[in-house]
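All remarks here apply to the structure that follows.
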Amino acid sequence: MAENLLTVEEARAAILERTAVLPAEERDIDDALGRVLAEVVTAPEDVPPFTNSAMDGFAVRAGDVAGASPEGPVELRVLADLPAGTAARVRVAPGTAARIMTGARMPEGADAVVPVEHTAMAAGTVWVRRAVRAGGNVRRAGEDVRAGETVLAPGAVLRPAELGLLAAVGRARVRVVRAPVVAVVTTGDELVAAGETRSEGQIRDVNIHSLCGQVWMAGATPVPFPRVRDTREAVQDALVQAWGCADVVVTNGGVSVGAWDHVKAVLEELGAQCLFWGVRQKPGKPMAFWEWNGKPVLGLPGNPVSCMICFEEYVRPALRRMMGHALLHRPVRTAVLVEGFDKAEGDLRTHFLRVVARQEGDRLVARATGPQGSGILSSMVRANALAVVPGESRGVAPGEEVLLHMTELPEDH
Ligand code: AMP
Ligand code: MG
């Protein structure tokens, strides 16, 4: 592994080069949140579909109430009561009005609404105490969207506002890019489940939980596999099953050079093509990537922090590409690194440091969250960003600037 390690950029590019957008599927809009639209959506009719009142009040002819004031209210005969949703048709002739609720269709003849607070009503008569301009407090048919207009184009990410707009144009189902099913396979004889009794020498399977959480957070669907023993047979069975049920396989552990690290050997025996094994980075050096009969297999190292950081830096962008997102990477910001970072002479690795970044006045300040060992998950819990010390850098002096990957912010570039 030592000879030919890829740089972080090369590894990322190799993965993205080999991941393709998944096909589209049709879904109910309520099951489409966060998905990427795969069709052009046009409005079959105006939104709003008819001209309606923007206020509770009285639909009037603006000309009738032009001279209205608190001292000289204009008296109008009330023809009808128009609640929202009514189909009643009335005609407001000079000298008349209709009581109207927000959202009710404007009656013919009326061109404005006087809000109820500027009126008084008794026995079929309303006194209007304030003038209103023509069109005042009225929402015109099509003022939001015109019939025939394109409201959303392929590539749009369906946020709550987009779901609402789809509903407004009468679309209950839409075509979106399918989200990948991700088989998550953890390996290791030393592992027991969080809820199991732990025997001597065992540790809890941490990564199955953090990884599945990361898959959900990326918008894809994890399939957690039962833990896999460190035998070739067990690893092979699990990988074959995982490949069969998922679009992407993420393995965890068993990719180092230990005698029980079978993932690599088994995959190659099964005919998977290894695109790389090993990245010039810390943590996460044993990260590996295969293509196996058209599906990506990402091998993440077993140390809990390495595992999460490799997911964040490599798997998440790949899943986003498969989901059709144009924005693949987290925002990058420049920050002052308070402690600095010592890099040994000749160390060509990219270092990812867990930091907490805070705005202080006009600068972003990053502080390491504690010991940076690749098993120390509590420092991951405190972090909201990863500071990147590039391979070619000679280290960072205290107070010098570094780039941060903002791991809590949505992708924006
Ligand atoms: P490996 O890559 O399998 O050699 O694992 C590297 C280190 O990560 C070892 O100390 C493992 O015990 C630990 N490890 C591997 N898988 C997990 C897991 N799922 N949860 C917690 N620790 C793990
Ligand atoms: Mg292991």
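Can you tell which of Val388, Val402, Val396 is aliphatic (A, V, I, L, M) and over 27 Å from the mean Cα position of the chain (by Cα)? Lay out the reasoning, then the answer.
Details: Val388 fails: over 27 Å from the mean Cα position of the chain (by Cα); Val402 fails: over 27 Å from the mean Cα position of the chain (by Cα).
Just a single option satisfies the conditions, and that option is Val396.
Quick check on Val138: is it more than 42 Å from the chain's Cα centre (by Cα) and of a type in the set (Val, Ile, Thr)?
Judged against the criteria, Val138 is not a match.
Can you give me the number of residues within region 179-206 that are among the polar types (S, T, N, Q) and more than 11 Å from ligand 2 (Cβ to nearest atom)? If you could, list the steps in order and put the result at the bottom.
Filtering region 179-206 for residues among the polar types (S, T, N, Q) gives 186-187, 197, 199, 202.
Filter once more, so that each one left must be more than 11 Å from ligand 2 (Cβ to nearest atom): 197, 199, 202.
Counting residues in region 179-206 that are among the polar types (S, T, N, Q) and more than 11 Å from ligand 2 (Cβ to nearest atom) gives 3.
Criterion first (touching a residue at least 24 places away in the same chain (Cβ under 8 Å), under 21 Å from Leu22 (Cα atoms) and within 16 Å of ligand 1 (Cβ to nearest atom)) does Val315 satisfy it?
Numbers: touching a residue at least 24 places away in the same chain (Cβ under 8 Å): yes; under 21 Å from Leu22 (Cα atoms): yes; within 16 Å of ligand 1 (Cβ to nearest atom): yes.
Judged against the criteria, Val315 is a match.
If I filter region 36-47 for residues that are over 30 Å from Thr119 (Cβ atoms), free of Cβ contacts under 8 Å to residues at least 40 places away in the same chain and not aliphatic (A, V, I, L, M), do I get at least one hit?
no
Take Ala13 and tell me if it is in a helix (DSSP H, G or I), small (Gly, Ala, Ser) and either surrounded by fewer than 17 Cβ atoms within 10 Å (Cβ to Cβ) or at pLDDT 95 or above (or both).
Taking the combined requirement at face value, the residue satisfies it.
Yes/no matrix, rows are residues, columns are (1) closer than 23 Å to Leu165 by Cβ; (2) surrounded by fewer than 18 Cβ atoms within 10 Å (Cβ to Cβ):
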residue	(1), (2)
Arg18	no, yes
Arg35	yes, no
Gly67	no, yes
Arg77	no, yes
Ala80	no, yes
Thr96	no, no
Met106	no, no
Ala112	no, no
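Considering region 165-196 alone, what residues qualify as being over 17 Å from Leu300 (Cα atoms), among the small types (Gly, Ala, Ser) and either near ligand 1 (Cβ under 10 Å from one of its atoms) or in contact (Cβ under 8 Å) with a residue 12 or more places away in the chain (or both)?
The answer is Ala167, Ala168, Gly170, Ala172, Ala179, Ala193, Ala194.
Say we look at region 239-286 and pick out the residues that are within 13 Å of ligand 1 (Cβ to nearest atom) and not in a loop (DSSP other than H, G, I, E, B); which of these is surrounded by the fewest Cβ atoms within 10 Å (Cβ to Cβ)?
The initial filter retains those residues of region 239-286 that are within 13 Å of ligand 1 (Cβ to nearest atom), namely 250-264, 277-278, 283-286.
Subsequent filtering for residues that are not in a loop (DSSP other than H, G, I, E, B) retains 250-252, 263-264, 277.
Values: Val250: 31, Thr251: 29, Asn252: 32, Val263: 29, Lys264: 22, Trp277: 20.
Only one residue tops the list, namely Trp277.
Please enumerate the residues belonging to region 207-238 that are part of a helix (DSSP H, G or I), away from ligand 2 (no atom under 16 Å from the Cβ) and in contact with a strand residue (DSSP E or B) (Cβ under 9 Å, 6 or more places away or on another chain).
Answer for region 207-238, where residues must be part of a helix (DSSP H, G or I), away from ligand 2 (no atom under 16 Å from the Cβ) and in contact with a strand residue (DSSP E or B) (Cβ under 9 Å, 6 or more places away or on another chain): His209, Cys212, Gly213, Gln214, Val215, Trp216, Asp237.
The values are calculated or read from the model by the stated rules, or taken from the named source; none is laboratory data. Since this is a predicted model, take the numbers as computed values, not measurements. Cβ atoms come from the backbone with ideal geometry, glycine included; neighbour counts cover every protein chain shown.
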